[in-house]
Amino acid sequence: MDTFLNREELKSLWGFLAIYISSALILMIIIAILYHSNETNKIHEKRLMEIKTVIMSYEKELMRAEMDKVPYTFHPPKEFFNVALLNKEKQPLFSNANIPVFDFNTTRYTVRELSSPINEVAYIIVDEEKSEQEIFKLNLIIVLSILISSIFVGIEGYFLSRFLLKPVHSRIDKLNKFIKDSSHELNTPVAALMMSVSNLKQSSFDDKRVINHISISTKLISQIYNSLSYIAFNDIDEVFEESFDLALLIQESVSYFNEIAATKENTITAQLQTTFIHMDKSRIQKVIHNLLSNAIKYSYPKTTISVKLSEHLLTVTNKGIGISEENKKTIFKRFERRSTTVGGFGIGLDIVNSVCEMYHINVWIESIPNKETTFHLQFPHV
């Protein structure tokens, strides 16, 4: 059933289950402690009454034998007690317990000292082992009850969370379907626009400003389409891994985005060292495109965006609004945006993070608010 849930839904499901089960477990433990305390007191009170009865019965037997002036005959108790009758020297005279020496300091025994010896008996000792056995059984029952209840609560919590997630999952499915349909519908007009711009550049049409505006708009639409397409079809798209020079791919991307950067009078500089990696080229291209798009979007006008590649480390630096420490924790989440005044859907860095996780690319951010931000990507060596 979990195959129908995405990563975020699974995270929510297990988070809910952890809170639900732990809360229920804490409640059960509190109830168990209170129940255990109450039942233990009942057992001790019951055993105390039974022990008193046993002691009184032996006192009566001893007194009867004393009064009748006959030798005392020891009768083992009917209940599951161990009883011993001791003389003044605390030596056993009669006993059904195989204990040669009794330790009076232990709480295991109940000791009744007679006011004066009767038939040489000065002490009546009763072993409370049975109450300990009953408490052990009580503990075992409580532990098993908690374990069985925990399993039941876990199963109940799982189905409850699935039930609660169902409407959310349904809405997400509809949203994903809309994105897929939109991506599919955008494919043809985007391709047509790109072809038209290419034809215009090759034709005799000499209004370069119009061509430039059309080209930039087309690239922006294409970037949006590529991002939506990745989100919609990433789970089913095949992965084509190959060895290629990352520096060449970055240079192509820089050339592609320089035209967009020029709209803010920004420039993109690149210092690239030949670096071969073995990954899906189209996915790595999306990472670079989204980093450059993000850098342009959040940079101040008339500034330089710096791209460097050396020792498998890629850095993209822009001078702009920066990222606070608080925002660094959520910046890679889908639909998260640094500023509501800047356009975008908040999906670019989510794509960057997704691909980086896929290929174990270490990514981190260094930022000085209102000054500059640098994205670091450490690619693994081939």
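Restricting segment 222-270 to residues that are at pLDDT 90 or above, among the hydroxyl-bearing types (S, T, Y) and out of contact with any helix residue (DSSP H, G or I) (no Cβ under 7 Å at 6 or more places or on another chain), which is farthest from V316 (Cα to Cα)? Top of the filtered list is S243. Suppose the filter is of a type in the set (K, R), at pLDDT below 70, surrounded by 12 or more Cβ atoms within 10 Å (Cβ to Cβ) and in contact with a Lys or Arg (Cβ under 8 Å, 6 or more places away or on another chain); does K180 pass it? No; evaluated as a whole, the condition is false for this residue. Only one entry in E61, E45, E50 is touching a His at 6+ places or on another chain (Cβ under 8 Å) and either over 14 Å from V126 (Cα atoms) or at pLDDT below 85 (or both), namely E61.
Residues of segment 82-109 that are modelled with pLDDT of 75 or more and part of a loop (DSSP other than H, G, I, E, B): N87, K88, E89, K90, Q91, N96. The residues of segment 355-382 that are in contact with a Gly (Cβ under 7 Å, 6 or more places away or on another chain), farther than 12 Å from N318 by Cβ and polar (S, T, N, Q) amount to a single one, N370.
The set of residues from segment 12-26 being modelled with pLDDT of 75 or more and more than 24 Å from V143 (Cα to Cα) comprises W14, G15, F16. Would you call I29 modelled with pLDDT under 85, surrounded by 12 or more Cβ atoms within 10 Å (Cβ to Cβ) and not acidic (D, E)? No.
Checking the structure you have, find out if any residue of segment 272-282 is part of a helix (DSSP H, G or I), β-branched (V, I, T) and surrounded by 15 or more Cβ atoms within 10 Å (Cβ to Cβ).
Scanning segment 272-282 turns up no residue that is part of a helix (DSSP H, G or I), β-branched (V, I, T) and surrounded by 15 or more Cβ atoms within 10 Å (Cβ to Cβ).
Of all positions in segment 329-350, none carries a residue that is of a type in the set (D, E, K, R) and at pLDDT 90 or above.
The values are calculated or read from the model by the stated rules, or taken from the named source; none is laboratory data. Because the structure is predicted, anything quoted here is derived from the model rather than measured. Ideal geometry is used to build each Cβ from the backbone, glycine not excepted, and the neighbour counts take in all protein chains shown.
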